[in-house]
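Engineer: Mind looking over this structure? Questions follow.
The values are calculated or read from the model by the stated rules, or taken from the named source; none is laboratory data. The model shown is predicted, which means the values in this text are computed figures rather than measured ones. Please note: Cβ atoms are built from the backbone with ideal geometry, for glycine as well, and neighbour counts cover all protein chains shown. In case anyone asks, the SASA skips ligands and DNA or RNA and just uses the protein heavy atoms, side chains included. Shrake-Rupley method; radii C 1.70, N 1.55, O 1.52, S 1.80 Å.
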Amino acid sequence: MCLRSSSYTSPKPCKHLADYKLRHAFNGYDSLQNCLRTTPSGRTRVDNHSTKIPRCNFCNGYQGRLYICLMCSSISCSTHILLHTQSKSGHDVAIEIERSELYCCLCCDQVYDPDFDKVVVSEQIKGSCPGRSNKRRRLDSGMELDLKKSKQLIAMRDGRAKSCYPLGLRGLNNLGNTCFMNSVLQALLHAPPLRNYFLSDHHNRDECKRRYGEKLCLLCDIGALVSAMFSGDRSPYSPAQFLYSWWQHSSNLASYEEQDAHEFFISVLDGIHEKESKVRNSSKDDGDCQCIAHRAFSGLLRSDVTCTTCGFTSTTYDPCVDISLNLDTVNSSAAEKTGLSTLSGCLNLFTRAERLGSDSKLHCQNCQELRDTSKQLSISRLPLVLCLHIKRFEHSLIRKTSRKIDQYLQFPFALDMTPYLSSSIVRSRFGNRIFAFECENTDSSAEYEIFAVIAHSGMLESGHYVTYLHVNSQWYKCDDAWICEVDEGIVRASQCYMLFYVQKLLYYKANKDLSCNVSVESR
(Lines give C-alpha, C1' and ligand atoms only; values in the text may rest on other atoms or scores of the structure.)
Protein backbone atom coordinates (compact mmCIF):
# COMPACT_ATOMS: atom_id res chain seq x y z
CA MET A 1 0.00 0.00 0.00
CA CYS A 2 1.25 3.48 -0.76
CA LEU A 3 2.42 5.78 1.98
CA ARG A 4 0.05 8.61 1.22
CA SER A 5 -2.90 9.25 -0.97
CA SER A 6 -2.35 11.48 -3.97
CA SER A 7 -4.89 13.97 -2.64
CA TYR A 8 -2.91 14.67 0.53
CA THR A 9 -2.89 18.36 1.40
CA SER A 10 -1.93 20.38 4.45
CA PRO A 11 -4.68 22.42 6.11
CA LYS A 12 -4.85 26.06 5.09
CA PRO A 13 -3.50 28.49 7.72
CA CYS A 14 -5.92 30.85 9.39
CA LYS A 15 -6.33 34.32 7.90
CA HIS A 16 -4.22 36.01 10.58
CA LEU A 17 -1.27 33.64 10.09
CA ALA A 18 -1.51 34.07 6.32
CA ASP A 19 -1.46 37.86 6.77
CA TYR A 20 1.55 37.62 9.08
CA LYS A 21 3.53 35.54 6.57
CA LEU A 22 2.57 37.93 3.77
CA ARG A 23 3.90 40.94 5.70
CA HIS A 24 6.94 39.40 7.41
CA ALA A 25 7.71 36.25 5.38
CA PHE A 26 9.94 33.96 7.48
CA ASN A 27 11.68 36.64 9.55
CA GLY A 28 10.02 35.55 12.77
CA TYR A 29 10.68 31.89 12.07
CA ASP A 30 14.36 32.52 11.29
CA SER A 31 14.94 34.52 14.47
CA LEU A 32 13.10 31.86 16.46
CA GLN A 33 15.52 29.13 15.34
CA ASN A 34 18.25 30.51 17.61
CA CYS A 35 15.89 30.30 20.59
CA LEU A 36 14.87 26.64 20.21
CA ARG A 37 16.27 24.13 22.68
CA THR A 38 15.81 20.36 22.62
CA THR A 39 15.10 18.89 26.05
CA PRO A 40 16.47 15.49 27.21
CA SER A 41 13.05 13.98 26.49
CA GLY A 42 13.39 14.92 22.82
CA ARG A 43 10.89 17.81 22.88
CA THR A 44 11.73 21.21 21.46
CA ARG A 45 10.81 24.29 23.48
CA VAL A 46 11.41 28.04 23.22
CA ASP A 47 14.13 29.41 25.51
CA ASN A 48 15.42 32.91 24.87
CA HIS A 49 15.29 34.55 28.28
CA SER A 50 18.05 34.82 30.82
CA THR A 51 15.68 33.86 33.61
CA LYS A 52 15.19 30.15 34.09
CA ILE A 53 11.44 30.48 34.58
CA PRO A 54 9.51 32.53 31.96
CA ARG A 55 6.71 34.66 33.39
CA CYS A 56 3.70 36.49 32.00
CA ASN A 57 4.41 40.20 31.44
CA PHE A 58 0.91 41.08 32.70
CA CYS A 59 0.43 39.00 35.86
CA ASN A 60 3.96 37.68 36.46
CA GLY A 61 2.51 34.17 36.53
CA TYR A 62 4.54 31.19 35.39
CA GLN A 63 2.10 28.27 35.64
CA GLY A 64 -0.05 26.90 32.83
CA ARG A 65 0.57 27.62 29.17
CA LEU A 66 2.77 30.59 28.25
CA TYR A 67 3.04 32.18 24.80
CA ILE A 68 5.80 34.28 23.22
CA CYS A 69 4.80 36.86 20.61
CA LEU A 70 6.47 36.41 17.22
CA MET A 71 6.63 40.19 16.75
CA CYS A 72 8.03 41.49 20.04
CA SER A 73 8.95 38.36 22.07
CA SER A 74 6.63 39.46 24.87
CA ILE A 75 5.44 36.58 27.06
CA SER A 76 1.77 36.21 28.04
CA CYS A 77 -0.23 33.54 29.81
CA SER A 78 -3.37 32.01 28.33
CA THR A 79 -5.48 34.53 30.26
CA HIS A 80 -3.67 37.63 28.96
CA ILE A 81 -2.53 36.63 25.46
CA LEU A 82 -5.64 38.18 23.90
CA LEU A 83 -5.07 41.39 25.89
CA HIS A 84 -1.56 41.63 24.45
CA THR A 85 -2.90 41.25 20.90
CA GLN A 86 -5.59 43.86 21.45
CA SER A 87 -3.08 46.33 22.88
CA LYS A 88 -0.61 46.00 19.97
CA SER A 89 -1.85 45.95 16.39
CA GLY A 90 -0.48 43.17 14.21
CA HIS A 91 0.76 41.04 17.11
CA ASP A 92 -1.62 38.24 16.22
CA VAL A 93 0.63 35.15 16.16
CA ALA A 94 2.49 33.62 19.09
CA ILE A 95 4.25 30.39 19.98
CA GLU A 96 3.42 28.18 22.93
CA ILE A 97 6.72 28.03 24.81
CA GLU A 98 6.64 24.51 26.23
CA ARG A 99 5.48 22.74 23.06
CA SER A 100 6.82 25.05 20.32
CA GLU A 101 3.45 25.22 18.55
CA LEU A 102 1.94 28.14 16.66
CA TYR A 103 -1.01 29.90 18.26
CA CYS A 104 -3.33 32.49 16.72
CA CYS A 105 -4.28 34.97 19.43
CA LEU A 106 -7.38 36.21 17.57
CA CYS A 107 -8.69 32.73 16.72
CA CYS A 108 -7.77 31.59 20.25
CA ASP A 109 -6.57 28.36 18.71
CA GLN A 110 -3.50 26.43 17.65
CA VAL A 111 -2.70 26.73 13.95
CA TYR A 112 -0.58 24.54 11.70
CA ASP A 113 2.07 25.69 9.23
CA PRO A 114 4.47 23.26 7.47
CA ASP A 115 7.11 26.01 7.13
CA PHE A 116 7.13 26.47 10.89
CA ASP A 117 7.36 22.70 11.36
CA LYS A 118 10.50 22.62 9.20
CA VAL A 119 12.22 25.04 11.56
CA VAL A 120 11.26 23.07 14.67
CA VAL A 121 12.05 19.67 13.17
CA SER A 122 15.42 20.88 11.92
CA GLU A 123 16.40 21.95 15.43
CA GLN A 124 15.02 18.78 16.95
CA ILE A 125 17.06 16.60 14.57
CA LYS A 126 20.23 18.40 15.61
CA GLY A 127 19.45 17.99 19.30
CA SER A 128 18.25 14.39 19.24
CA CYS A 129 21.50 12.69 18.15
CA PRO A 130 24.36 14.53 19.92
CA GLY A 131 26.77 11.61 19.75
CA ARG A 132 26.60 10.98 16.01
CA SER A 133 28.76 13.62 14.31
CA ASN A 134 28.99 11.74 11.02
CA LYS A 135 25.23 11.46 10.85
CA ARG A 136 24.97 15.15 11.73
CA ARG A 137 27.24 16.12 8.85
CA ARG A 138 25.22 14.03 6.41
CA LEU A 139 22.02 15.61 7.69
CA ASP A 140 23.34 19.17 7.47
CA SER A 141 24.73 18.74 3.97
CA GLY A 142 22.16 16.48 2.36
CA MET A 143 18.82 16.94 4.05
CA GLU A 144 18.63 20.57 5.14
CA LEU A 145 14.97 21.08 6.04
CA ASP A 146 13.45 18.37 3.87
CA LEU A 147 10.77 16.80 6.09
CA LYS A 148 10.28 13.87 3.75
CA LYS A 149 13.81 12.70 4.56
CA SER A 150 13.75 13.49 8.27
CA LYS A 151 13.74 9.89 9.46
CA GLN A 152 16.15 10.69 12.27
CA LEU A 153 13.47 12.47 14.32
CA ILE A 154 12.98 10.05 17.18
CA ALA A 155 12.13 10.43 20.85
CA MET A 156 14.67 9.92 23.63
CA ARG A 157 14.69 8.43 27.11
CA ASP A 158 17.24 9.29 29.81
CA GLY A 159 19.11 11.42 27.29
CA ARG A 160 19.92 8.48 25.01
CA ALA A 161 18.71 8.39 21.39
CA LYS A 162 16.23 5.59 20.67
CA SER A 163 16.75 4.08 17.25
CA CYS A 164 14.58 1.01 17.59
CA TYR A 165 11.00 1.59 18.64
CA PRO A 166 8.44 -1.06 17.69
CA LEU A 167 6.88 -0.74 14.27
CA GLY A 168 3.81 1.48 14.31
CA LEU A 169 5.02 3.98 16.88
CA ARG A 170 5.01 7.32 15.10
CA GLY A 171 4.07 10.79 16.28
CA LEU A 172 1.15 12.74 14.83
CA ASN A 173 1.48 16.48 14.28
CA ASN A 174 -1.03 18.71 16.02
CA LEU A 175 -2.94 20.51 13.26
CA GLY A 176 -4.54 23.04 15.58
CA ASN A 177 -6.16 21.76 18.79
CA THR A 178 -6.30 18.22 17.35
CA CYS A 179 -4.79 16.38 20.32
CA PHE A 180 -8.23 14.77 20.80
CA MET A 181 -7.95 13.28 17.30
CA ASN A 182 -4.31 12.22 17.62
CA SER A 183 -4.90 10.44 20.93
CA VAL A 184 -7.85 8.41 19.61
CA LEU A 185 -6.09 7.57 16.33
CA GLN A 186 -3.09 6.17 18.21
CA ALA A 187 -5.40 3.86 20.18
CA LEU A 188 -7.53 2.86 17.18
CA LEU A 189 -4.59 2.08 14.90
CA HIS A 190 -3.08 -0.19 17.57
CA ALA A 191 -6.30 -2.13 18.14
CA PRO A 192 -5.30 -5.53 16.64
CA PRO A 193 -8.50 -6.24 14.62
CA LEU A 194 -8.60 -2.74 13.08
CA ARG A 195 -4.87 -2.59 12.44
CA ASN A 196 -4.78 -6.04 10.79
CA TYR A 197 -7.82 -5.22 8.67
CA PHE A 198 -6.15 -2.24 7.01
CA LEU A 199 -2.64 -3.70 6.85
CA SER A 200 -4.13 -6.71 5.04
CA ASP A 201 -5.67 -4.32 2.49
CA HIS A 202 -9.23 -5.54 3.06
CA HIS A 203 -10.35 -2.09 1.99
CA ASN A 204 -8.44 -1.57 -1.24
CA ARG A 205 -8.18 2.13 -2.02
CA ASP A 206 -7.58 1.72 -5.75
CA GLU A 207 -10.60 -0.55 -6.12
CA CYS A 208 -12.73 1.76 -3.98
CA LYS A 209 -11.98 4.77 -6.20
CA ARG A 210 -12.52 2.73 -9.35
CA ARG A 211 -15.91 1.36 -8.25
CA TYR A 212 -17.37 4.39 -6.50
CA GLY A 213 -15.39 7.32 -7.88
CA GLU A 214 -15.51 9.17 -4.56
CA LYS A 215 -12.78 11.74 -3.99
CA LEU A 216 -13.19 11.48 -0.22
CA CYS A 217 -13.50 8.16 1.57
CA LEU A 218 -12.96 7.86 5.31
CA LEU A 219 -11.92 4.21 5.01
CA CYS A 220 -9.39 5.00 2.27
CA ASP A 221 -7.89 7.76 4.39
CA ILE A 222 -7.70 5.50 7.46
CA GLY A 223 -5.96 2.93 5.28
CA ALA A 224 -3.44 5.55 4.12
CA LEU A 225 -2.92 6.57 7.74
CA VAL A 226 -2.27 2.98 8.84
CA SER A 227 0.20 2.55 5.97
CA ALA A 228 2.06 5.69 7.03
CA MET A 229 2.13 4.72 10.71
CA PHE A 230 3.51 1.23 9.98
CA SER A 231 5.86 2.26 7.16
CA GLY A 232 8.90 2.39 9.45
CA ASP A 233 9.26 6.16 9.02
CA ARG A 234 9.92 7.82 12.39
CA SER A 235 9.28 11.44 11.47
CA PRO A 236 5.97 12.84 12.78
CA TYR A 237 3.08 12.40 10.35
CA SER A 238 0.44 15.04 9.58
CA PRO A 239 -3.03 13.42 9.30
CA ALA A 240 -4.42 16.43 7.41
CA GLN A 241 -6.12 14.38 4.69
CA PHE A 242 -7.87 12.22 7.29
CA LEU A 243 -8.95 15.31 9.24
CA TYR A 244 -10.48 16.84 6.11
CA SER A 245 -12.26 13.58 5.26
CA TRP A 246 -13.62 13.29 8.81
CA TRP A 247 -14.88 16.88 8.61
CA GLN A 248 -16.92 15.92 5.55
CA HIS A 249 -18.45 13.01 7.45
CA SER A 250 -19.08 14.99 10.67
CA SER A 251 -19.72 18.51 9.43
CA ASN A 252 -21.17 19.52 12.81
CA LEU A 253 -17.73 18.96 14.35
CA ALA A 254 -15.71 20.55 11.53
CA SER A 255 -13.65 23.25 13.23
CA TYR A 256 -10.25 23.87 14.77
CA GLU A 257 -11.82 23.97 18.23
CA GLU A 258 -10.93 21.35 20.83
CA GLN A 259 -13.35 18.41 20.67
CA ASP A 260 -14.16 15.59 23.04
CA ALA A 261 -12.03 12.49 22.40
CA HIS A 262 -14.89 10.11 23.19
CA GLU A 263 -17.26 11.91 20.83
CA PHE A 264 -14.60 11.71 18.11
CA PHE A 265 -14.12 7.98 18.75
CA ILE A 266 -17.85 7.31 18.30
CA SER A 267 -17.92 9.51 15.19
CA VAL A 268 -15.06 7.60 13.51
CA LEU A 269 -16.63 4.20 14.19
CA ASP A 270 -19.93 5.53 12.86
CA GLY A 271 -18.17 6.72 9.70
CA ILE A 272 -16.56 3.31 9.17
CA HIS A 273 -19.92 1.61 9.67
CA GLU A 274 -21.71 3.89 7.20
CA LYS A 275 -19.10 3.39 4.49
CA GLU A 276 -18.92 -0.40 4.86
CA SER A 277 -22.70 -0.69 5.02
CA LYS A 278 -22.85 1.19 1.71
CA VAL A 279 -20.26 -1.14 0.17
CA ARG A 280 -22.04 -4.26 1.45
CA ASN A 281 -25.53 -2.87 0.69
CA SER A 282 -26.38 -3.58 4.31
CA SER A 283 -28.43 -1.48 6.71
CA LYS A 284 -27.92 -3.49 9.88
CA ASP A 285 -27.42 -1.28 12.91
CA ASP A 286 -27.40 -4.04 15.50
CA GLY A 287 -24.77 -6.41 16.82
CA ASP A 288 -24.97 -8.55 13.66
CA CYS A 289 -23.28 -5.89 11.52
CA GLN A 290 -20.14 -7.29 9.88
CA CYS A 291 -18.30 -4.00 9.34
CA ILE A 292 -14.84 -3.92 10.89
CA ALA A 293 -15.91 -1.30 13.47
CA HIS A 294 -18.61 -3.57 14.89
CA ARG A 295 -16.63 -6.77 14.50
CA ALA A 296 -13.91 -5.23 16.66
CA PHE A 297 -15.80 -3.07 19.17
CA SER A 298 -19.43 -4.20 19.24
CA GLY A 299 -20.82 -5.86 22.34
CA LEU A 300 -24.34 -6.42 23.63
CA LEU A 301 -25.87 -4.92 26.78
CA ARG A 302 -28.78 -6.51 28.60
CA SER A 303 -31.29 -4.37 30.48
CA ASP A 304 -33.67 -6.01 33.01
CA VAL A 305 -36.58 -3.87 34.24
CA THR A 306 -38.39 -5.57 37.15
CA CYS A 307 -41.77 -4.68 38.62
CA THR A 308 -41.30 -4.26 42.38
CA THR A 309 -44.91 -5.37 42.98
CA CYS A 310 -45.18 -8.70 41.14
CA GLY A 311 -41.58 -9.37 40.16
CA PHE A 312 -42.25 -9.52 36.40
CA THR A 313 -39.08 -8.75 34.43
CA SER A 314 -38.89 -7.22 30.97
CA THR A 315 -35.57 -7.78 29.18
CA THR A 316 -34.17 -5.81 26.25
CA TYR A 317 -30.83 -5.98 24.43
CA ASP A 318 -28.89 -3.07 22.96
CA PRO A 319 -25.65 -3.16 20.93
CA CYS A 320 -22.81 -0.92 22.09
CA VAL A 321 -19.30 -0.06 20.95
CA ASP A 322 -18.16 1.18 24.35
CA ILE A 323 -19.28 1.33 27.97
CA SER A 324 -19.52 4.70 29.75
CA LEU A 325 -18.82 4.48 33.46
CA ASN A 326 -19.49 6.91 36.30
CA LEU A 327 -16.72 7.32 38.84
CA ASP A 328 -17.74 5.59 42.06
CA THR A 329 -17.00 8.62 44.26
CA VAL A 330 -20.54 9.11 45.55
CA ASN A 331 -21.08 5.54 46.67
CA SER A 332 -17.63 4.69 47.98
CA SER A 333 -16.47 5.96 51.36
CA ALA A 334 -12.97 4.69 50.57
CA ALA A 335 -12.89 6.83 47.43
CA GLU A 336 -13.89 9.91 49.41
CA LYS A 337 -11.10 9.34 51.94
CA THR A 338 -8.29 8.47 49.54
CA GLY A 339 -9.33 10.54 46.52
CA LEU A 340 -9.21 7.39 44.40
CA SER A 341 -11.79 5.34 42.57
CA THR A 342 -11.36 1.82 41.25
CA LEU A 343 -12.39 0.39 37.90
CA SER A 344 -14.02 -2.56 39.63
CA GLY A 345 -16.05 -0.10 41.70
CA CYS A 346 -17.16 1.71 38.53
CA LEU A 347 -18.18 -1.58 36.89
CA ASN A 348 -20.04 -2.67 40.02
CA LEU A 349 -21.88 0.66 39.99
CA PHE A 350 -22.74 0.17 36.30
CA THR A 351 -24.21 -3.32 36.85
CA ARG A 352 -25.89 -2.61 40.20
CA ALA A 353 -29.70 -2.73 40.38
CA GLU A 354 -31.14 0.78 40.50
CA ARG A 355 -34.60 1.60 41.83
CA LEU A 356 -36.31 4.05 39.49
CA GLY A 357 -38.08 7.04 41.03
CA SER A 358 -41.82 7.38 41.51
CA ASP A 359 -41.91 9.83 38.60
CA SER A 360 -40.52 7.09 36.33
CA LYS A 361 -43.19 4.44 36.79
CA LEU A 362 -43.47 1.99 33.91
CA HIS A 363 -46.36 -0.08 32.61
CA CYS A 364 -46.11 -3.65 33.93
CA GLN A 365 -47.30 -6.26 31.40
CA ASN A 366 -48.34 -8.58 34.22
CA CYS A 367 -50.09 -6.05 36.49
CA GLN A 368 -51.44 -4.10 33.49
CA GLU A 369 -50.85 -0.75 35.22
CA LEU A 370 -48.09 1.68 36.11
CA ARG A 371 -45.75 0.31 38.77
CA ASP A 372 -42.52 1.20 40.53
CA THR A 373 -39.64 -0.66 38.94
CA SER A 374 -35.94 -1.37 39.30
CA LYS A 375 -33.44 -1.53 36.46
CA GLN A 376 -30.23 -3.52 36.15
CA LEU A 377 -27.69 -3.52 33.34
CA SER A 378 -25.29 -6.34 32.49
CA ILE A 379 -23.12 -7.41 29.58
CA SER A 380 -24.65 -10.14 27.45
CA ARG A 381 -21.84 -10.36 24.91
CA LEU A 382 -18.32 -9.00 25.16
CA PRO A 383 -16.48 -7.45 22.19
CA LEU A 384 -13.02 -8.34 20.94
CA VAL A 385 -11.84 -4.86 21.89
CA LEU A 386 -13.37 -3.40 25.04
CA CYS A 387 -13.49 0.40 25.29
CA LEU A 388 -14.34 1.82 28.72
CA HIS A 389 -15.18 5.53 28.79
CA ILE A 390 -14.78 7.29 32.15
CA LYS A 391 -17.27 10.12 32.62
CA ARG A 392 -14.99 12.93 33.76
CA PHE A 393 -17.01 15.84 32.37
CA GLU A 394 -20.24 16.86 34.09
CA HIS A 395 -22.75 19.22 32.47
CA SER A 396 -25.67 20.57 34.51
CA LEU A 397 -28.60 21.87 32.45
CA ILE A 398 -30.27 23.28 35.56
CA ARG A 399 -27.24 25.17 36.87
CA LYS A 400 -25.89 25.74 33.35
CA THR A 401 -22.41 24.79 34.52
CA SER A 402 -19.78 22.30 33.44
CA ARG A 403 -16.88 20.85 35.35
CA LYS A 404 -14.19 18.20 35.14
CA ILE A 405 -13.88 15.46 37.78
CA ASP A 406 -10.18 15.15 38.66
CA GLN A 407 -10.66 11.97 40.68
CA TYR A 408 -7.92 9.43 39.97
CA LEU A 409 -8.93 5.95 38.93
CA GLN A 410 -7.10 2.74 39.77
CA PHE A 411 -7.35 0.32 36.87
CA PRO A 412 -5.80 -3.11 36.27
CA PHE A 413 -3.68 -4.00 33.27
CA ALA A 414 -5.31 -7.46 33.22
CA LEU A 415 -9.11 -7.38 33.51
CA ASP A 416 -11.57 -10.23 34.10
CA MET A 417 -15.06 -9.22 32.99
CA THR A 418 -16.79 -12.41 34.21
CA PRO A 419 -18.48 -10.75 37.25
CA TYR A 420 -20.23 -8.25 34.97
CA LEU A 421 -21.65 -10.72 32.44
CA SER A 422 -25.40 -11.27 32.30
CA SER A 423 -24.86 -14.90 33.27
CA SER A 424 -23.10 -13.86 36.50
CA ILE A 425 -25.47 -10.99 37.32
CA VAL A 426 -28.71 -12.96 36.85
CA ARG A 427 -27.41 -16.04 38.67
CA SER A 428 -26.40 -13.84 41.58
CA ARG A 429 -29.84 -12.22 41.59
CA PHE A 430 -31.51 -15.61 41.98
CA GLY A 431 -29.12 -17.11 44.50
CA ASN A 432 -26.56 -18.47 42.00
CA ARG A 433 -29.03 -20.89 40.44
CA ILE A 434 -28.13 -22.47 37.11
CA PHE A 435 -29.57 -20.76 34.02
CA ALA A 436 -28.87 -21.23 30.34
CA PHE A 437 -27.81 -18.14 28.40
CA GLU A 438 -27.72 -17.92 24.63
CA CYS A 439 -24.90 -15.35 24.50
CA GLU A 440 -22.87 -16.54 27.48
CA ASN A 441 -19.13 -15.92 27.12
CA THR A 442 -16.55 -18.51 28.05
CA ASP A 443 -14.09 -17.70 30.83
CA SER A 444 -11.21 -17.22 28.37
CA SER A 445 -13.02 -14.62 26.26
CA ALA A 446 -13.84 -12.59 29.39
CA GLU A 447 -10.14 -12.06 30.18
CA TYR A 448 -8.60 -8.90 28.75
CA GLU A 449 -5.23 -7.17 28.54
CA ILE A 450 -4.85 -3.41 28.32
CA PHE A 451 -3.14 -1.95 25.26
CA ALA A 452 -4.03 1.76 25.27
CA VAL A 453 -4.98 4.50 27.72
CA ILE A 454 -6.18 7.96 26.71
CA ALA A 455 -5.59 10.48 29.49
CA HIS A 456 -6.82 14.05 29.89
CA SER A 457 -4.85 16.63 31.83
CA GLY A 458 -5.67 20.19 32.67
CA MET A 459 -9.01 21.91 32.92
CA LEU A 460 -12.25 21.44 31.02
CA GLU A 461 -11.70 24.51 28.83
CA SER A 462 -7.94 24.15 28.23
CA GLY A 463 -7.04 20.51 28.66
CA HIS A 464 -4.79 18.20 26.69
CA TYR A 465 -5.09 14.57 25.58
CA VAL A 466 -2.24 12.04 25.38
CA THR A 467 -2.21 8.30 24.71
CA TYR A 468 -0.22 5.59 26.47
CA LEU A 469 0.39 2.48 24.35
CA HIS A 470 1.52 -0.90 25.66
CA VAL A 471 3.65 -2.51 22.95
CA ASN A 472 6.03 -5.44 23.44
CA SER A 473 5.83 -5.26 27.25
CA GLN A 474 6.81 -1.56 27.26
CA TRP A 475 4.69 1.55 27.78
CA TYR A 476 5.06 4.49 25.39
CA LYS A 477 3.62 7.97 25.72
CA CYS A 478 2.21 9.46 22.51
CA ASP A 479 1.94 13.22 22.97
CA ASP A 480 1.06 14.51 19.50
CA ALA A 481 4.36 14.46 17.55
CA TRP A 482 6.45 13.13 20.44
CA ILE A 483 6.91 9.50 21.40
CA CYS A 484 8.84 8.41 24.49
CA GLU A 485 9.13 5.43 26.80
CA VAL A 486 7.49 5.72 30.23
CA ASP A 487 7.26 3.52 33.29
CA GLU A 488 3.97 1.88 34.17
CA GLY A 489 3.74 4.08 37.26
CA ILE A 490 3.28 7.12 34.99
CA VAL A 491 0.42 5.34 33.24
CA ARG A 492 -1.28 4.33 36.47
CA ALA A 493 -1.02 7.89 37.83
CA SER A 494 -2.61 9.47 34.73
CA GLN A 495 -6.14 10.84 34.70
CA CYS A 496 -7.47 8.14 32.39
CA TYR A 497 -10.42 9.10 30.20
CA MET A 498 -10.69 6.07 27.90
CA LEU A 499 -9.32 2.57 28.53
CA PHE A 500 -8.81 0.08 25.71
CA TYR A 501 -8.59 -3.65 26.44
CA VAL A 502 -8.31 -6.54 24.00
CA GLN A 503 -9.16 -10.19 24.65
CA LYS A 504 -6.10 -11.88 26.11
CA LEU A 505 -5.66 -14.57 23.45
CA LEU A 506 -5.87 -11.99 20.68
CA TYR A 507 -3.48 -9.68 22.57
CA TYR A 508 -0.65 -12.18 22.81
CA LYS A 509 -1.14 -13.37 19.24
CA ALA A 510 -1.08 -9.81 17.89
CA ASN A 511 2.08 -8.79 19.75
CA LYS A 512 4.21 -11.56 18.25
CA ASP A 513 4.64 -9.62 15.00
CA LEU A 514 5.19 -6.16 16.47
CA SER A 515 8.93 -5.88 16.95
CA CYS A 516 11.36 -3.68 15.07
CA ASN A 517 15.03 -4.59 14.90
CA VAL A 518 16.09 -2.14 12.20
CA SER A 519 17.90 0.92 13.55
CA VAL A 520 17.91 4.34 11.98
CA GLU A 521 21.62 3.99 11.26
CA SER A 522 20.97 1.17 8.78
CA ARG A 523 18.34 3.09 6.84
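Engineer: Largest first, how would Thr342, Thr309 line up by accessible area (1.4 Å probe)?
Structural biologist: Reading off the accessible areas and sorting them downward yields Thr309, Thr342.
Engineer: Quick check: with the 1.4 Å probe, what order do His80, His456, His202 take by accessible area, largest first? Walk me through the numbers on the way to the answer.
Structural biologist: Details: His80 45, His456 10, His202 125 Å².
Ranked from most to least accessible, the order is His202, His80, His456.
Engineer: At 1.4 Å probe size, with no ligands or nucleic acids counted, give the accessible surface of Met459 in Å², nearest ten.
Structural biologist: My reading of the accessible area for Met459 is about 120 Å².
Engineer: Considering only Cα-Cα distances, which of the following residue pairs are longer than 28 Å: Lys15/Lys88; Lys118/Lys209; Lys404/Lys477; Lys391/Lys477; Lys275/Lys404; Lys404/Lys504?
Structural biologist: Values: Lys15/Lys88 18 Å; Lys118/Lys209 33 Å; Lys404/Lys477 23 Å; Lys391/Lys477 22 Å; Lys275/Lys404 34 Å; Lys404/Lys504 32 Å.
Violating the 28 Å limit, Cα to Cα: Lys118/Lys209; Lys275/Lys404; Lys404/Lys504.
Engineer: Something else now. So how much accessible area does Glu258 have, in Å² to the nearest 10, using a 1.4 Å probe?
Structural biologist: We get 70 Å² for Glu258.
Engineer: Which value, in Å² and to the nearest 10, is the accessible area of Val321 when all protein chains are kept and the probe is 1.4 Å?
Structural biologist: 30
Engineer: Rounding to the nearest 20 debye, state how big the charge dipole of the range 353-402 is about its Cα centre with +1 on each Lys and Arg Cβ and -1 on each Asp and Glu Cβ. Walk me through the numbers before you get to the answer.
Structural biologist: On the way: 9 positive and 5 negative charges, 49 e Å.
Approximately 240 debye in magnitude.
Engineer: Output the relative contact order of the range 355-417, whole-number percent, from Cα pairs under 8 angstrom with separation of 6+ residues.
Structural biologist: Values: 39 pairs, mean separation 11.2, N = 63.
Result for the range 355-417 is 18 percent.
Engineer: Here's something else I'd like to know. Can you compute 3J(HN,Hα) from phi for each residue in the range 462-472, using the Karplus curve 6.51 cos²θ - 1.76 cosθ + 1.60 with θ = phi - 60°, rounded to whole Hz and x for Gly and Pro?
Structural biologist: Whole-Hz 3J(HN,Hα) from phi for the range 462-472: 9, x, 8, 9, 9, 10, 10, 10, 9, 10, 6.
Engineer: Using amide H atoms built 1.01 Å from N in the peptide plane, name the residues 5+ places from Ile483, or on other chains, whose amide H lies under 5 Å from its own.
Structural biologist: The answer is Ala155.
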